[in-house]
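The next block holds one structure in the form of structure tokens; read it before the comments.
The values are calculated or read from the model by the stated rules, or taken from the named source; none is laboratory data. Note that the structure is predicted; figures quoted are calculated from it, not measured. Glycine also receives a Cβ, built like all others from the backbone with ideal geometry; neighbour counts cover every protein chain displayed. Areas reflect the complete protein model, heavy atoms only, side chains present, ligands, DNA and RNA absent. Shrake-Rupley method; radii C 1.70, N 1.55, O 1.52, S 1.80 Å.
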Amino acid sequence: MRYLSCSLIQFQIGKLIVAIISIHRYEGALDPWMSSLWDMLYQKNPKLFPNGPGFVISNMYLVEQPKVQITYHDANEIGSQFSSTQNLKCLEEQIEKARSMSPGRISHNKNRPDCFLKMIKNCQLTTAGCGKDVRHIEFEAVSSAIDYEVGDVLEVLPCQSPAAVDAFIKRCNLNPESYITVQSRYIQNRLVDTSVDSSKGPVKLKTFVELTMDVASASPRRYFFEVMSFFASAQHEKERLEYFVSPEGRDDLYQYNQKERRTVLEVLDDFPSVQLPFEWLVQLVPPLQTRAFSISSSNFAHPNQVHLTVKVVSWTTPFKRKRTGLCSVWLAELDPQQRVYVPAWFRRGSLPSPPPSLPLILIAPGTGCAPFRGFVEERALQSKFDSVAPVLFFFGCQYKENDFLYSDFWLSHSQNGGVLAEEKGGGFYVAFSRDQPQKVYVQHKMREQSTRLWNLLSEGAAVYVAGSADKMPADVLSTVEEIISKESGVPREAAVRWLRTLEKAGKYHVEAWS
């Protein structure tokens, strides 16, 4: 909020008002701040508000035309353009067409998948019934050769529930067999984009919904409710929606919508009198986003394959509603025998691929170990042909018997001269946080091995940290600072500066997620 305030000060008054009205449609949390802003501007120049700063404009004037327009095409005229066979080339074209037309925040380089993957293995790493479900999933490329480095990220486009898509289409009185193109309208007498090239359609309406509109996972934003209030025919629904988007109702909207993670389909079902035109739905329904996963394999160790470590996401809302992650549940339920083709994209992550001569200190609780499985695989392969630098790995989980992910893999590489073996200058140390009365985390294991850790740092080692974005990254950073101070005999402030120099040199990397 402070950054926004400073930025807006630089606007001219007229431009500032336009900017704030635009933001107002989306962010209910800005209401108190905007109210004070209107009062301040009114005091500066009463002519800006002839009716006073508290005057409210009717929805009739706020809700105008949607930003997109949809053209419906005669299926008989264009049917010959579409293949009846669902081959990979046809599927790739459908994805590119649909996502290139989506008005949502989908970057253009994500329209066409890098490749299609076929699942060849899906096994549970955690003990059944322990309360966690973490999967090791292996894919094989089927459309083109794949190329990635350890530390890279795989983005997957999840498949929505067919039942949910059908329910959404039925609820909105749409024809799933229609062929459509989606274009931008004129905005403020300026043409944004009205051209429709061969890569932008037409596509089946149902295909467009499946590939671009998150109807049963993401929660709508505040402006969705504002537009709904305009199209509600039942008075009690209209009043409730208008209350939700008012300053007085923003807390209740937050409890109803964000806290409960209500989906677009659930919201529409709660207000049956609302019939939104498809143009508004295309504009306001959250876009279906790809999901990113750290790659847990080495391309050199597994040519034409990519492995993932996937935690199945599930939680309970304040009103005891069961929620699950769209992509993780879909992947966990896939059967390798089904031969489902998964659209995927590769991109660079936050963990650069290290050269074999670079000593490594790896720190990861839980599924943060995923990228480091690839690191160790690759270094083990490199060690067969040349000398490699040592690897020190600190791993954390709750219970040895329940969620010690890839235990056999780590232990095999920490014995008999493996790349994690102590006799090779490295080591593998595990913190089981709940196996004893007093909790033990990776930071405790790091302190126990502070001399070994400092020796590697002194030899030019790089530190890689991966896992939850909660407190872990900060706690690990503090522990490294503590170890540097203790082992080198310098004050804590000097240790902090030493570590900042390490960061600037590109030798301290963090990949964290919420």
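Count of segment 329-368 residues, restricted to those that are closer than 30 Å to residue 475 by Cβ and touching a Cys at 6+ places or on another chain (Cβ under 9 Å), is 3.
Scan segment 456-468 for residues that are in contact with a strand residue (DSSP E or B) (Cβ under 9 Å, 6 or more places away or on another chain) and either open to solvent by less than 10 Å² (accessible area, probe 1.4 Å) or within 14 Å of residue 502 (Cα to Cα) (or both) and the total you get is 9.
Confirm whether residue 490 is under 24 Å from residue 398 (Cα atoms), in a loop (DSSP other than H, G, I, E, B) and at pLDDT 95 or above. When the stated conditions are applied, residue 490 does not pass them.
A single member of 408, 475, 470 is closer than 21 Å to residue 369 by Cα, assigned to a loop (DSSP other than H, G, I, E, B) and out of contact with any Gly (no Cβ under 7 Å at 6 or more places or on another chain), and it is 470.
Restricting 424, 439, 507, 471 to residues that are surrounded by fewer than 16 Cβ atoms within 10 Å (Cβ to Cβ) and either within 20 Å of residue 150 (Cβ to Cβ) or touching a Ser or Thr at 6+ places or on another chain (Cβ under 8 Å) (or both) narrows the list to 439. Candidates 453, 411: the one that is under 18 Å from residue 364 (Cβ atoms) and open to solvent by less than 30 Å² (accessible area, probe 1.4 Å) is 453.
Count of segment 411-444 residues, restricted to those that are closer than 18 Å to residue 382 by Cβ, part of a loop (DSSP other than H, G, I, E, B) and without any contact (Cβ under 8 Å) to a residue 12 or more places away in the chain, is 3. For residue 351, the criteria (1) of a type outside the set (Gly, Ala, Ser); (2) crowded, with 16+ Cβ neighbours inside 10 Å; (3) under 24 Å from residue 94 (Cα atoms) hold in every case but one, which is (3). Inside segment 401-432, can you point out the residues that are closer than 13 Å to residue 125 by Cβ and not polar (S, T, N, Q)? Of everything in segment 401-432, those that are closer than 13 Å to residue 125 by Cβ and not polar (S, T, N, Q) turn out to be 401, 403, 404, 405, 406, 408, 409, 410. The set of residues in segment 215-252 being crowded, with 19+ Cβ neighbours inside 10 Å and under 17 Å from residue 321 (Cα atoms) consists of 217 alone.
What's the number of the condition residue 26 fails, among (1) under 29 Å from the mean Cα position of the chain (by Cα); (2) at pLDDT 75 or above; (3) surrounded by fewer than 16 Cβ atoms within 10 Å (Cβ to Cβ)? Result: residue 26 fails condition (2) only.
Selection within segment 183-214: residues that are of a type in the set (S, T, N, Q) and modelled with pLDDT of 95 or more. The member of this set that is least open to solvent (accessible area, probe 1.4 Å) is 212. Pairing each residue of segment 283-307 that is more than 28 Å from residue 228 (Cβ to Cβ) with any residue that is of a type in the set (S, T, N, Q) and assigned to a loop (DSSP other than H, G, I, E, B), provided the two are 6+ apart or on different chains, yields C-beta distances under 7 Å for 305/297; 306/297; 307/296; 307/297.
Of all residues in segment 390-402, exactly one satisfies the criterion of being crowded, with 22+ Cβ neighbours inside 10 Å and assigned to a loop (DSSP other than H, G, I, E, B), namely 390. For segment 362-389, enumerate the residues that are among the hydrophobic types (A, V, I, L, M, F, W, C), touching a strand residue (DSSP E or B) at 6+ places or on another chain (Cβ under 9 Å) and not in a strand (DSSP E or B). If the condition is that a residue be among the hydrophobic types (A, V, I, L, M, F, W, C), touching a strand residue (DSSP E or B) at 6+ places or on another chain (Cβ under 9 Å) and not in a strand (DSSP E or B), then 369, 370, 372, 375, 376, 389 are the ones that fit. Within segment 370-389, identify whether any single residue is over 30 Å from residue 142 (Cβ atoms), open to solvent by 20 Å² or more (accessible area, probe 1.4 Å) and in contact with a Lys or Arg (Cβ under 7 Å, 6 or more places away or on another chain), and answer yes or no. Looking through segment 370-389, at least one residue is over 30 Å from residue 142 (Cβ atoms), open to solvent by 20 Å² or more (accessible area, probe 1.4 Å) and in contact with a Lys or Arg (Cβ under 7 Å, 6 or more places away or on another chain). Residues that are among the polar types (S, T, N, Q) and either in contact with a His (Cβ under 8 Å, 6 or more places away or on another chain) or more than 17 Å from residue 275 (Cβ to Cβ) (or both) within segment 228-257 comprise 246, 255, 257, listed in sequence order. What about residue 116, is it open to solvent by less than 10 Å² (accessible area, probe 1.4 Å), in contact with a helix residue (DSSP H, G or I) (Cβ under 9 Å, 6 or more places away or on another chain) and in contact (Cβ under 8 Å) with a residue 60 or more places away in the chain? So residue 116 fits the description; yes. Answer yes or no: is there a residue in segment 115-125 that is modelled with pLDDT of 95 or more and touching a Gly at 6+ places or on another chain (Cβ under 7 Å). Checked against the condition, which is being modelled with pLDDT of 95 or more and touching a Gly at 6+ places or on another chain (Cβ under 7 Å), segment 115-125 yields no hits at all. Flag not set for residue 301, criterion: open to solvent by less than 70 Å² (accessible area, probe 1.4 Å) and either under 20 Å from the mean Cα position of the chain (by Cα) or acidic (Asp, Glu) (or both). Among the criteria (1) open to solvent by less than 40 Å² (accessible area, probe 1.4 Å); (2) free of Cβ contacts under 8 Å to residues at least 40 places away in the same chain, the one residue 89 does not fulfil is (1). The helices (runs of 4 or more DSSP H) found wholly in segment 246-339 and carrying at least 2 residues that are closer than 26 Å to residue 370 by Cβ and among the hydrophobic types (A, V, I, L, M, F, W, C) occupy 326-333. If I filter segment 354-361 for residues that are assigned to a strand (DSSP E or B), of a type outside the set (Ser, Thr, Tyr) and closer than 25 Å to residue 513 by Cα, do I get at least one hit? Yes: segment 354-361 contains one or more residues that are assigned to a strand (DSSP E or B), of a type outside the set (Ser, Thr, Tyr) and closer than 25 Å to residue 513 by Cα. Scanning segment 120-148 for residues that are in a loop (DSSP other than H, G, I, E, B) and over 17 Å from residue 303 (Cβ atoms) returns 125, 126, 127, 128, 129, 130, 131, 132, 133.
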